[in-house]
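Undergrad: Have a look at this one before I ask anything.
The values are calculated or read from the model by the stated rules, or taken from the named source; none is laboratory data. Every value quoted in this text rests on a predicted model; they were computed, and no experiment measured them. Heads up, the Cβs are rebuilt from the backbone with ideal geometry, glycines too, and the neighbour counts pull from every protein chain shown.
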Amino acid sequence: MTVSPETFTGHIGRTLEESTPSFVEPPHPGEDAPNVVVVLLDDTGFAQFGCYGSDIDTPNIDQLAAGGLQFTNFHVTPLCSPTRASLLTGRAQHAVGMRSISNFNTGFPHQLGHISPQAATMAEVLGAAGYATFCTGKWHLAPMEQCSAAGPFDHWPLGKGFNRFYGFLEGETDQFYPDLVSDNHPIEPPAKPEDGYHVSEDIIDQALSMISDSKGVRPDRPFFAYIPFGATHAPHQAPEKYLTKYRGAFDEGWDVVRQRWFEQQIELGIISEQTQLAPRNPGVEPWDELPETQQRLAARLQEAFAAFLDHTDDQIGRLVQGLDDLGQLNNTLLILLSDNGASQEGGPFGVMHEMKFFNGILETPEEAIKDIESIGGPQSHTNYPWGWAQCGNSPFKWYKQNTHEGGVHVPMIVHWPQGLDQSERGTKRHQFVNVADIAPTIYEFLGITPPETFKGIEQLPVTGHSFAPLLNDANHPATNTLQYFEMAGSRALVAGNWKAVCRHLPGADYDTELWELYHLTVDPSECDDQAATQPEKLDELIGLWWEEAERHGVLPLDDRGLTLFGPRFRDRSPHPTSRRYVYRPPMLPIPAQASAAIGGRSFDLTAQVDCQSGQEGVLWSTGTENSGISFFVLNGELILEYNAFGQRTVVSGPRSVPQGPSTLVAHLRRTGSSTGRVQLSLNGEFGQAAELPLYMGVISSVGSSIGYDHGSAISAQYESPFPFAGILYQVEIELLSRQSVEAESAQAQAEMSRQ
């Protein structure tokens with residue numbers, strides 16, 4: 001009789017009496033195995049928690065620090081996806097294929113746009129050991145062009161070891177109208193902001209539900225919960241009561257506030273008394289010299305950030321209370337950290353809409369101040385200015401994306417009542433620790449050895465260093481004494497108490513640009529450059545950097561940035577080589593990077609419909625109420641609304657939409673570096689054209705909807721989702737080459753001359 005030798009070890013005879021059964025015992029980590037919870041904040045600087053020096057209310061985070069350990073020398077990568085990849089694998093970000101954000105695939109092993117299958121995640125390793133595994137929040141570890149309902153799903157959370165997932169896959173989302181995914185399929189948010197909805201609350205609701213479901217049925221089984229908030233990444237959005245709470249709180253300006261936070265850091269023992277407050281970064285002006293309009297705008301933008309962080313702290317409090325209510329807090333190893341330093345993406349003035357940064361638009365305070373009352377709410381998509389970002393990174397210089405301390409030195413708290421000696425609770429750890437060290441530390445506590453092969457694939461070695469000995473021994477030496485950093489050509493290396501760092505500018509010569517050298521024991525804020533006085537030490541560290549770069553797969557150095565956002569038209573891609581997209585409803589929302597690649601391009605949008613009298617609705621839309629395009633029928637009229645960050649252009653068709661089958665077309669043309677034109681046609685008859693003063697290259701983090709408007713309404717003329725009530729057969733989007741647009745323009749001019 002044929003049996004499966006892998007699973008059956010008994011004996012099969014002719015009858016039951018002659019046979020011996022065998023049962024497969026599922027893996028179990030042991031009755032006393034702790035739960036593991038990792039809470040990750042986004043773009044949160046070293047000084048921004050109350051217990052790290054700020055005036056922002058974070059009582060729940062502060063309480064975790066008071067009952068746990070506060071790390072003051074913890075480091076990450078300068079960007080979100082690389083930090084997440086390193087965190088979840090215990091390996092260098094380059095080695096696992098994530099030198100930059102997952103939106104890019106450069107064709108080199110260090111930038112795959114996903115975590116290499118040679119690097120099993122903590123979810124995969126802990127799941128194989130018998131843990132239940134959950135993730136709620138921001139993922140940003142899958143190629144974004146694969147993040148539509150079409151998949152493939154290999155690099156989504158469920159493909160990387162998580163049993164359940166609820167959150168969003170992109171690098172950011174609207175906090176009030178998020179692009180949500182449940183497990184392996186997109187979903188609509190369960191409520192709207194007018195109902196009190198905010199995504200941070202939702203992901204904690206879902207995390208607690210998953211944990212409760214698991215523990216209710218299998219109380220013996222521990223869980224691993226990874227909870228990466230969208231907070232405090234832009235857009236900075238919070239419920240109104242939190243925004244109101246901080247009115248006027250930052251009117252003193254960033255110089256006074258930063259000095260106070262710095263002094264509070266010294267008083268709290270976060271930094272030593274000999275630490276210097278780094279000088280203002282280039283582009284950060286003295287607060288007292290700013291015009292009043294600029295001060296008002298900057299203060300309000302910082303209020304929105306503070307409200308966002310305060311609100312997030314309350315959600316962390318709900319999580320901790322929920323764990324306590326379930327009787328799980330005492331034996332839960334909870335680690336809370338940020339993925340990189342405070343963001344510089346708001347520019348010198350801050351922005352009302354962060355996507356302006358990606359369009360190269362420098363909005364003046366005089367322009368932005370007109371909408372000051374909307375800051376922090378659903379009608380805004382804000383990020384704060386450089387001055388407040390450096391304040392959040394106190395006492396350091398530079399920001400997210402930089403390998404100086406402002407980009408890579410962030411807070412981390414470890415809380416584990418059952419695992420920490422009573423005498424150690426509320427103490428600090430000043431030893432150097434890196435994000436790649438977290439996974440091996442967890443493995444050591446759980447008694448788990450990372451597999452050499454996983455699912456038949458040989459695994460890369462876990463190169464992080466367990467800091468488990470530090471938890472109950474404040475005097476134990478650092479376990480990680482050599483750590484490289486790299487981001488878009490900027491490089492750094494920490495070797496013991498020394499740091500060499502080079503801030504690279506795109507296009508600069510790697511071989512001739514200057515390195516800096518700092519003795520971190522006496523100069524953790526990188527104020528006194530020792531490069532000129534210690535050239536041999538600098539050369540030693542530079543040489544070590546190149547050795548580490550070879551060992552961890554950092555090369556080739558690549559300083560490309562926004563240009564990599566351009567989709568690459570190729571086979572087996574959502575971006576067809578024909579540059580023609582055909583969508584037929586019903587369809588779920590399509591994420592921005594998997595949607596038709598219309599940013600900055602000329603294209604024709606054609607809808608084939610059958611419309612009867614009174615039938616109206618959205619045919620196609622992309623974006624949100626803050627920036628987007630909507631093509632719809634309203635009151636019998638064909639309309640396109642082009643919303644370029646509040647600068648709205650509305651154009652109509654030549655006549656009413658007739659009853660029966662029709663071909664409705666929007667012709668959008670780029671006419672200059674940032675200008676365009678739009679014209680509608682109905683069954684071949686053209687309406688009036690309208691000029692577009694701003695033709696957006698990057699429109700939104702929210703992608704396309706077919707037959708309705710997903711999320712917040714792009715046009716104020718309707719309420720979303722405003723589904724089309726007629727028959728929508730298909731929507732076709734055809735991208736046009738520059739040559740075809742020029743030929744079309746020449747033909748039009750010839751026709752006008754003839755007439």
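Undergrad: Filter the strands (runs of 3 or more DSSP E) completely within region 644-748 down to those with at least 1 residues that are surrounded by fewer than 19 Cβ atoms within 10 Å (Cβ to Cβ).
TA: Those strands (runs of 3 or more DSSP E) span 647-656, 660-670, 676-682, 690-692, 727-735.
Undergrad: Hey, can you tell me all the residues within region 411-437 that are outside any loop (DSSP other than H, G, I, E, B), over 19 Å from the mean Cα position of the chain (by Cα) and under 20 Å from Asn472 (Cβ atoms)?
TA: Ile413, Val414, His415, Gln422, Ser423, Glu424, Thr427, Lys428, Arg429, Val433, Asp437, listed by residue number.
Undergrad: Give region 464-499 a look and list any residue that's farther than 30 Å from Asp529 by Cα and of a type in the set (Ser, Thr, Tyr), or say none.
TA: Ser466
Undergrad: Can you run down the residue pairs with Cβ atoms below 7 Å, 6 or more apart or on separate chains, where the first is in region 171-183 and outside the structural domain of His114 (by TED's automatic domain parsing) and the partner is surrounded by 24 or more Cβ atoms within 10 Å (Cβ to Cβ) and not aliphatic (A, V, I, L, M)?
TA: none
Undergrad: Being over 14 Å from the mean Cα position of the chain (by Cα), crowded, with 24+ Cβ neighbours inside 10 Å and at negative phi is true for just one of His94, His185, His155. Which residue is that?
TA: Details: His185 fails: crowded, with 24+ Cβ neighbours inside 10 Å; His155 fails: crowded, with 24+ Cβ neighbours inside 10 Å.
Being over 14 Å from the mean Cα position of the chain (by Cα), crowded, with 24+ Cβ neighbours inside 10 Å and at negative phi holds for just one of His94, His185, His155, which is His94.
Undergrad: Here's another thing I want to ask about it. Is it true that some residue in region 532-551 is assigned to a loop (DSSP other than H, G, I, E, B), surrounded by 18 or more Cβ atoms within 10 Å (Cβ to Cβ) and outside the structural domain of Ala65 (by TED's automatic domain parsing)?
TA: Keep residues of region 532-551 that are assigned to a loop (DSSP other than H, G, I, E, B), which gives 532-534.
Remaining after also requiring surrounded by 18 or more Cβ atoms within 10 Å (Cβ to Cβ): none.
No, the conditions are met nowhere in region 532-551.
Undergrad: Scanning region 247-275 for residues that are in contact with a Phe, Trp or Tyr (Cβ under 9 Å, 6 or more places away or on another chain) and assigned to a loop (DSSP other than H, G, I, E, B), which turns out surrounded by the fewest Cβ atoms within 10 Å (Cβ to Cβ)?
TA: This residue is Glu252.
Undergrad: Follow-up. Going through Thr441, Thr449, Thr521, Thr453 one at a time, which residue ends up being out of contact with any Asp or Glu (no Cβ under 9 Å at 6 or more places or on another chain), more than 28 Å from Ala129 (Cα to Cα) and without any contact (Cβ under 8 Å) to a residue 60 or more places away in the chain?
TA: Thr521
Undergrad: Right, here's the next one. Which ones in region 171-221 are under 21 Å from Ser102 (Cβ atoms), acidic (Asp, Glu) and modelled with pLDDT of 95 or more?
TA: Asp183
Undergrad: Taking Ala474 as meeting all but one of (1) assigned to a strand (DSSP E or B); (2) touching an Asp or Glu at 6+ places or on another chain (Cβ under 9 Å); (3) not aromatic (Phe, Trp, Tyr), write down the number of the exception.
TA: Ala474 satisfies every listed condition except (1).
Undergrad: Which condition breaks for Ser209 when tested against (1) small (Gly, Ala, Ser); (2) farther than 23 Å from Ala92 by Cα; (3) assigned to a loop (DSSP other than H, G, I, E, B)?
TA: If we test Ser209 against (1) small (Gly, Ala, Ser); (2) farther than 23 Å from Ala92 by Cα; (3) assigned to a loop (DSSP other than H, G, I, E, B), just (3) comes out false.
Undergrad: Determine which member of the set Ala92, Ala65 is among the small types (Gly, Ala, Ser) and over 23 Å from Gly230 (Cβ atoms).
TA: Selected residue: Ala92, the only one of Ala92, Ala65 that is among the small types (Gly, Ala, Ser) and over 23 Å from Gly230 (Cβ atoms).
Undergrad: Looking at this structure, is Phe74 hydrophobic (A, V, I, L, M, F, W, C) and modelled with pLDDT of 95 or more?
TA: It is true that Phe74 is hydrophobic (A, V, I, L, M, F, W, C) and modelled with pLDDT of 95 or more.
Undergrad: Still on this structure, please answer the following. Please go through (1) over 21 Å from Gly419 (Cα atoms); (2) touching a helix residue (DSSP H, G or I) at 6+ places or on another chain (Cβ under 8 Å); (3) crowded, with 24+ Cβ neighbours inside 10 Å; (4) of a type in the set (Gly, Ala, Ser) for Ser81 and return the number of the only condition it doesn't satisfy.
TA: So the condition that Ser81 fails would be (2).
Undergrad: Count, please, the residues in region 173-201 that happen to be under 22 Å from Ile590 (Cα atoms), out of contact with any Pro (no Cβ under 7 Å at 6 or more places or on another chain) and of a type in the set (D, E, K, R).
TA: 3
Undergrad: Looking at Phe229, Phe162, Phe168, which is the one that is crowded, with 20+ Cβ neighbours inside 10 Å and more than 14 Å from the chain's Cα centre (by Cα)?
TA: Phe162
Undergrad: Select from region 298-311 the residues that are among the aliphatic types (A, V, I, L, M) and either over 18 Å from the mean Cα position of the chain (by Cα) or part of a loop (DSSP other than H, G, I, E, B) (or both) and list them in ascending order.
TA: Ala298, Ala299, Leu301, Ala304, Ala306, Ala307, listed by residue number.
Undergrad: A further question on this structure: I need a count of the residues in region 3-57 that are within 46 Å of the chain's Cα centre (by Cα) and assigned to a strand (DSSP E or B).
TA: 7
Residue-wise test of (1) in contact with a Phe, Trp or Tyr (Cβ under 6 Å, 6 or more places away or on another chain); (2) more than 30 Å from Leu562 (Cβ to Cβ); (3) assigned to a strand (DSSP E or B).
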position: Val462; (1), (2), (3): no, yes, no
position: Ala478; (1), (2), (3): yes, yes, no
position: Val501; (1), (2), (3): no, no, yes
position: Leu505; (1), (2), (3): no, no, no
position: Asp509; (1), (2), (3): no, no, no
position: Leu514; (1), (2), (3): no, no, no
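Undergrad: Search region 499-531 for residues being small (Gly, Ala, Ser) and farther than 17 Å from Val408 by Cα, and hand back the single one that is surrounded by the fewest Cβ atoms within 10 Å (Cβ to Cβ).
TA: Here the residue is Gly507.
Undergrad: Follow-up question, since we're still on this one. List every residue pair whose Cβ atoms lie under 6 Å apart, where the two residues are 6 or more positions apart in sequence or sit on different chains, the first residue falls within region 540-551 and is closer than 16 Å to Tyr510 by Cβ, and the second residue, located anywhere, is modelled with pLDDT under 95 and not in a helix (DSSP H, G or I).
TA: Filtered contacts from region 540-551: no entries.
Undergrad: Could we say that Lys428 is surrounded by fewer than 23 Cβ atoms within 10 Å (Cβ to Cβ), of a type in the set (Lys, Arg), closer than 28 Å to Glu526 by Cβ and touching a Leu at 6+ places or on another chain (Cβ under 8 Å) here? First the steps, then the outcome.
TA: On the way: surrounded by fewer than 23 Cβ atoms within 10 Å (Cβ to Cβ): yes; of a type in the set (Lys, Arg): yes; closer than 28 Å to Glu526 by Cβ: yes; touching a Leu at 6+ places or on another chain (Cβ under 8 Å): yes.
Answer is yes for this residue.
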